[in-house]
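Q: Before we start, here is the structure in question, set down as structure tokens.
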Amino acid sequence: MESMSAITSPGDTHRLNNGLPMPGIGYGTYLSPDDEAGVRCILDALEAGYRLIDTASLYGNEDTVGRAVRESALLREEIFITSKIWNTDQGYDSTLRAFDASMQLLQMDYLDLYLIHWPVPAGHADDYRQLNRETWKAMEQLYRDGRIKAIGVSNFLPHHLEALMDRAEVMPMVNQLEINPRYHQTATAAFCRENGILVESWGPLARGGALEEPILRRIADKHNKSVAQICIRWVLQRGIVPLPKSAHKNRIRANLDVFDFSLDGEDMALIETMDAPGNYSIHPDYLSEE
Ligand SMILES: NC(=O)C1=CN([C@@H]2O[C@H](COP(=O)(O)OP(=O)(O)OC[C@H]3O[C@@H](n4cnc5c(N)ncnc54)[C@H](OP(=O)(O)O)[C@@H]3O)[C@@H](O)[C@H]2O)C=CC1
Ligand SMILES: O=C(O)C(=O)[C@@H](O)[C@H](O)C(=O)CO
């Protein structure tokens, strides 16, 4: 069960349902530059104090992540690395192959967290249940073999989770969801909490879309912080792990500078009014197969 203890600094951790400590905030790398510039961004993040790096086979930058980790002043075991299996690689044997390909690119002996990137769309009826289960079986095997320290899912709604958990031998430890002040996913986050699954927030800034929200601007002025910092602080205060991405050193550092203030009841109530069920950027049940 995750610890609900407050995350009060970049080094603080949640404890996953298998006892593994996981940093309370992470650095996102989707659409980051690749090669030299990408390595620089990740080194900037590690030097700023991030200890969780989020990537995926989809992002095409696992080699860049691996290089940055090797070039950093930190030991491998001081950094929590997440990757994800892409939709087109779902299935037992294909998952094992995809994992090996990711580890070859990362040049690492183990992965801290491996996620199913998206559920096979529920519109595919029985396929989605069976295919997600076959993928999960392969991940359970990699977990038992010690090649992955924690396994989880991403963009799984309660009906996806129930279909997986009713046959799983190892329960999901993490669910990474699109969550930000415009899109709260309260029901799914509550379902995860009740089932001991730690929630991560992708798109904590709504991919930049939340930065123009008048309510957040007002709260930011009140606390003398940026709107981005309000978004990230709001995710943290919900006991969820934000994964802000930026390719700019000043923003990378600023996004971690969220531990010297807190949002009060009035702030949280105002942000509550921003939630809308249609504010998602991609919905798991309508994702086209790619
Ligand atoms: N599991 C999944 O399906 C998904 C997972 N993810 C993960 O979540 C991470 C974060 O989500 P992401 O989609 O990147 O979007 P975010 O909500 O993190 O927003 C990133 C955008 O905001 C801008 N930005 C970042 N910081 C600031 C700041 N302080 N001030 C102003 N603008 C800022 C960035 O621009 P700039 O870089 O120029 O600063 C970028 O355009 C991803 O990188 C990825 O690791 C993302 C999508 C889906
Ligand atoms: O483009 C897609 O189909 C995606 O799923 C990505 O854009 C999405 O944002 C993602 O999964 C990145 O992790």
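Q: Under 5 Å between amide H atoms, partner at least 5 residues away or on a different chain: which partners does W202 have, H built in plane at 1.01 Å?
A: The list, which skips near neighbours in sequence, is L177, E178, I179.
Q: I would also like to ask the following. Which one of V170, P244, P10 has its Cα pushed farthest toward the positive end of the charge dipole of the chain, where Lys and Arg give +1 and Asp and Glu give -1 at the Cβ?
A: Farthest along the dipole direction, towards plus: P10.
Q: Now for a separate question. For the stretch 83-94, what does the Karplus curve 6.51 cos²θ - 1.76 cosθ + 1.60, with θ = phi - 60°, yield as ³J(HN,Hα) per residue in whole Hz, taken in order and with x for Gly and Pro?
A: 10, 9, 8, 7, 3, 6, 9, 5, x, 5, 5, 5
Q: Can you tell me the accessible area per residue over the stretch 117-222, all protein chains present, probe 1.4 angstrom, in square angstrom?
A: I get 39 Å² per residue for the stretch 117-222.
Q: Report the charge-dipole magnitude of the chain in Debye, nearest 20, computed about the Cα centre from +1 at each Lys and Arg Cβ and -1 at each Asp and Glu Cβ.
A: The dipole magnitude comes to about 500 debye.
Q: Would you work out which of L256, C192, G66 lies farthest towards the positive end of the dipole of the chain? Charges go on Cβ: Lys and Arg +1, Asp and Glu -1.
A: L256
Q: What are the lysines whose alpha-carbon lies under 30 Å from the alpha-carbon of K137, with same-chain residues fewer than 8 places away excluded?
A: List returned: K84, K149.
Q: Ignoring ligands, DNA and RNA, what percent of the accessible area of the chain is carbon or sulfur (1.4 Å)?
A: 49 percent
Q: Ranked highest first by the average count of other Cβ atoms within 10 Å around their residues, in what order do 52-65, 101-114, 170-183 fall?
A: 170-183, 52-65, 101-114
Q: Can you give the helix-only mean residue ellipticity at 222 nm for the chain, where every DSSP H stretch with n ≥ 4 adds -39500 (n - 2.57) and the sum goes over all residues, rounded to the nearest 500 deg cm²/dmol?
A: So the helix-based figure for the chain works out to -11500 deg cm²/dmol.
Q: Okay, moving on. List the lysines whose Cα lies under 20 Å from the Cα of K225, skipping any in the same chain that are fewer than 8 positions away.
A: Here the lysines satisfying the reach criterion relative to K225 are K245, K249.
Q: Let me ask something else. Under 13 Å from the Cβ of E162, count the other residues' Cβ atoms, weight Lys and Arg +1, Asp and Glu -1, and hand me the total.
A: Computed value for this residue: +1.
Q: Given H placed 1.01 Å from N in the peptide plane, which residues other than close sequence neighbours of V153 have an amide H under 5 Å from its amide H?
A: I116, M173, V174, N175, Q176
Q: I need to check one value: relative contact order of the stretch 179-290, counting alpha carbon pairs closer than 8 Å and at least 6 residues apart, in percent.
A: 33 percent
Q: Moving to a separate point now. For the ranges 222-233, 87-98, what's the packing order if you count other beta-carbon atoms within 10 Å of each residue, average per peptide, and put the highest first?
A: 222-233, 87-98
Q: Over the chain, calculate the relative contact order: mean separation of alpha carbon pairs under 8 Å at least 6 apart, over the residue count, as a percent.
A: Relative contact order here is 20 percent.
Q: Evaluate the relative contact order of the stretch 39-177 (contact order divided by residue number), counting alpha-carbon pairs under 8 angstrom at least 6 apart; express in whole percent.
A: This gives 21 percent for the stretch 39-177.
The values are calculated or read from the model by the stated rules, or taken from the named source; none is laboratory data. Since this is a predicted model, take the numbers as computed values, not measurements. Please note: Cβ atoms are built from the backbone with ideal geometry, for glycine as well, and neighbour counts cover all protein chains shown. Just the protein is used for accessible areas: all its heavy atoms, side chains included, with ligands, DNA and RNA removed. Shrake-Rupley method; radii C 1.70, N 1.55, O 1.52, S 1.80 Å.
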